[in-house]
Amino acid sequence: MLVFDLNSSRSKSFDYFKGRAWHGGVIHNFGGTVAMGGNLEQLARRLCIEGKDSTWKNYVGFGLFPEATENNPVVYELASEMAWHPVCPDMSAWVADYARARYGSDDRNMLEAWQVLLRTVYGKKRGVTLAGESPICARPHLDVYGASPNSVLTPRNAYDFSELWEAPQLMLRADAGLRNHPNYRYDLTDAMRQCLSDLSILVQERVADAYRAGDRQKFETETARFLELILDMDELLATDESFTLGRWIAQARACGRTDEEKALYEKNARWLVTVWGPYDKDAMLFDYSNRQWAGLFRDYYYRRWQKYFDFLRSELAKPEQERYVETRKIHHRFFRPANEANDFYRMISRWEYEWCEETKPYPAEAVGDTYTVASKLFGKWKGLAAELYRRPLEEEGAPRTDMDKGEVVFGID
């Protein structure tokens with residue numbers, strides 16, 4: 001018998017599996033979400049035999065067990081390399097070597113950018129399993145906790161949001177000869193995407209504050225800014241095919257042999273990254289596999305938030321005592337609005353399924369130049385980020401209590 005400890009966390013609980021041979025492992029990703037993250041030092045120590053006691057004598061290997069890949073390549077590069085490391089590598093030196101190999105270059109700016117990433121998104125405060133989302137991808141409501149049922153918005157105490165902006169800034173200063181390198185384009189897109197994704201958290205909070213205060217002028221300003229950010233992120237993501245809905249749909253349709261099969265596979269591909277499965281009034285897995293992709297941003301997330309803002313705008317036109325007040329009664333599980341929480345969510349959940357029936361084509365190839373777009377968006381949004389991040393860091397990331405079970409939950413149980 002060979003035991004697979006999928007996240008290298010059960011060996012002691014089960015007395016090291018009673019002497020059976022066992023594999024350690026890493027579950028890094030649930031559902032295919034694309035945020036940057038993963039504690040590299042903890043990952044190496046979890047898989048490395050160094051420092052383990054004699055009860056680890058039956059530890060015969062390890063595996064990678066993500067629900068989806070094609071994100072955070074540095075995590076999988078490090079994990080797969082650990083079979084050749086009898087001792088844990090110095091992570092600063094390892095990341096520098098990784099950057100040199102990834103770009104075929106000793107560019108000083110890229111090496112510094114990766115040290116920033118090591119201190120922030122891949123730093124010691126992060127867990128090995130990826131966690132962190134954007135309100136853009138969440139079903140709209142005022143108090144957004146997370147998009148998927150088993151994750152949360154990126155907490156500000158996970159890393160210094162403002163420091164992360166140094167990574168794309170350094171990447172933009174790199175030698176011009178790297179601009180057509182596919183790994184450079186991917187990493188610049190990803191780093192800029194993460195900065196804007198984090199920024200969206202605070203912009204959405206300003207929208208909610210304006211609505212609750214009944215400040216119509218501020219509401220219009222902040223909703224316009226939030227929607228503009230969504231469209232700007234769509235433009236950025238379109239510059240690398242790895243971040244495109246069109247590539248995903250094209251791959252799904254290519255599996256079909258007939259027009260009928262191709263249409264079915266496209267619908268299933270749309271379902272997977274949005275509603276997850278057939279309609280159920282008590283569904284809780286919607287947005288489980290939310291992706292920060294071009295196409296989804298412009299035609300799905302943007303339209304969904306736009307409908308919500310229209311709804312709130314109509315409420316602001318009413319006398320204060322008659323306006324919509326958000327309470328936790330709208331939640332089904334995991335602090336997200338249920339499919340039939342009220343008339344608005346009945347409408348929006350059915351619209352989500354209607355979108356999945358659409359057949360609008362999306363580009364499967366990159367559109368636009370990553371360096372040009374990233375440079376433009378860095379200059380456009382960096383000032384707002386600097387302004388918002390001056391706000392004192394509040395205590396975040398506290399466990400939430402499941403409304404149905406009355407107990408603390410950390411994911412799907």
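The values are calculated or read from the model by the stated rules, or taken from the named source; none is laboratory data. Not measured: the values here are computed from a predicted model. Cβ: placed from backbone, ideal geometry, glycine included. Neighbour counts: every protein chain shown. We work out accessible area using only protein heavy atoms, side chains counted, and drop any ligands, DNA or RNA first. Shrake-Rupley method; radii C 1.70, N 1.55, O 1.52, S 1.80 Å.
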Task: Identity of the residue in the range 37-57, in a helix (DSSP H, G or I) and modelled with pLDDT under 85, that ends up surrounded by the fewest Cβ atoms within 10 Å (Cβ to Cβ) - done: SER54
- [ ] Restricting attention to helices (runs of 4 or more DSSP H) lying wholly within the range 176-288, give those where 1 or more residues are under 30 Å from SER314 (Cα atoms) and touching a Phe, Trp or Tyr at 6+ places or on another chain (Cβ under 7 Å).
- [x] 182-213, 216-237
Open item on the list: Which pairs turn up if I take residues in the range 91-103 that are within 12 Å of VAL74 (Cβ to Cβ) and look for partners that are among the hydroxyl-bearing types (Ser, Thr, Tyr) and outside any helix (DSSP H, G or I) with beta carbon separation below 9 Å, at least 6 apart in sequence or on another chain?
Closed with: MET91/TYR122; VAL95/TYR122; ALA99/SER105
Open item on the list: I'd like the full set of residues that are among the polar types (S, T, N, Q), surrounded by fewer than 19 Cβ atoms within 10 Å (Cβ to Cβ) and within 30 Å of ASN180 (Cβ to Cβ), limited to the range 58-104.
Closed with: THR69, SER80, SER92
TODO: Specify which of the listed residues (TYR353, TYR345, TYR371, TYR362) is assigned to a loop (DSSP other than H, G, I, E, B), of a type in the set (Phe, Trp, Tyr) and either modelled with pLDDT of 95 or more or open to solvent by 70 Å² or more (accessible area, probe 1.4 Å) (or both).
DONE: TYR362
- [ ] Sort out which residues of the range 354-377 are closer than 20 Å to ASP299 by Cα and either free of Cβ contacts under 8 Å to residues at least 40 places away in the same chain or acidic (Asp, Glu) (or both), and write them in order of number.
- [x] GLU354, GLU357, GLU358, GLU365
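Of a type in the set (Ser, Thr, Tyr) and either at pLDDT below 95 or surrounded by fewer than 17 Cβ atoms within 10 Å (Cβ to Cβ) (or both): does that describe THR244? Working first, answer last.
On the way: of a type in the set (Ser, Thr, Tyr): yes; either at pLDDT below 95 or surrounded by fewer than 17 Cβ atoms within 10 Å (Cβ to Cβ) (or both): no.
So THR244 does not fit the description; no.
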TODO: Check TRP165, TRP84, TRP94 and return the single one that is within 21 Å of LEU64 (Cα to Cα) and either modelled with pLDDT under 95 or under 19 Å from the mean Cα position of the chain (by Cα) (or both).
DONE: TRP84
Task: Among residues of the range 1-18, those that are part of a loop (DSSP other than H, G, I, E, B) and not hydroxyl-bearing (Ser, Thr, Tyr), counted - done: 7
Task: Matching residues in the range 202-233 - criterion: being under 19 Å from GLN292 (Cβ atoms), open to solvent by 10 Å² or more (accessible area, probe 1.4 Å) and among the aliphatic types (A, V, I, L, M) - done: LEU227, LEU231
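Being under 30 Å from SER134 (Cα atoms), of a type in the set (A, V, I, L, M) and touching a residue at least 12 places away in the same chain (Cβ under 8 Å), is that true of even one residue in the range 52-60?
no
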- [ ] Check ASP310, ASP299 and return the single one that is open to solvent by less than 30 Å² (accessible area, probe 1.4 Å), at pLDDT 95 or above and at negative phi.
- [x] ASP299
- [ ] Could you tell me which residue of the range 136-156 is surrounded by the fewest Cβ atoms within 10 Å (Cβ to Cβ), considering only residues that are in a loop (DSSP other than H, G, I, E, B) and aliphatic (A, V, I, L, M)?
- [x] LEU142
Open item on the list: Tell me whether the range 7-17 contains one or more residues that are open to solvent by less than 70 Å² (accessible area, probe 1.4 Å), of a type outside the set (D, E, K, R), at pLDDT 85 or above and in contact with a helix residue (DSSP H, G or I) (Cβ under 6 Å, 6 or more places away or on another chain).
Closed with: no
- [ ] State all residues of the range 271-304 that are more than 20 Å from HIS28 (Cα to Cα) and of a type in the set (Gly, Ala, Ser); if no residue qualifies, say none.
- [x] GLY277, ALA283, ALA294, GLY295
TODO: Just give me the residues in the range 106-124 being touching a residue at least 60 places away in the same chain (Cβ under 8 Å) and in a helix (DSSP H, G or I), in sequence order.
DONE: ASN109, MET110, ALA113, LEU117, LEU118
- [ ] Among the residues of the range 244-279, write down those that are more than 17 Å from PRO361 (Cβ to Cβ), aromatic (Phe, Trp, Tyr) and touching a residue at least 40 places away in the same chain (Cβ under 8 Å).
- [x] TRP271, TYR279
Task: Cross-chain or 6+ apart pairs with Cβ under 6 Å, the range 1-19 first and among the small types (Gly, Ala, Ser), then outside any strand (DSSP E or B) - done: SER8/ARG46; SER11/ASP5
- [ ] For the range 107-123, enumerate the residues that are open to solvent by 40 Å² or more (accessible area, probe 1.4 Å) and in contact with a helix residue (DSSP H, G or I) (Cβ under 6 Å, 6 or more places away or on another chain).
- [x] GLU112
TODO: Take PRO337 and decide whether it is out of contact with any Leu (no Cβ under 9 Å at 6 or more places or on another chain) and surrounded by fewer than 20 Cβ atoms within 10 Å (Cβ to Cβ).
DONE: no
Open item on the list: Looking at the structure I just gave you, is LEU172 over 23 Å from ARG298 (Cβ atoms) and open to solvent by less than 10 Å² (accessible area, probe 1.4 Å)?
Closed with: no
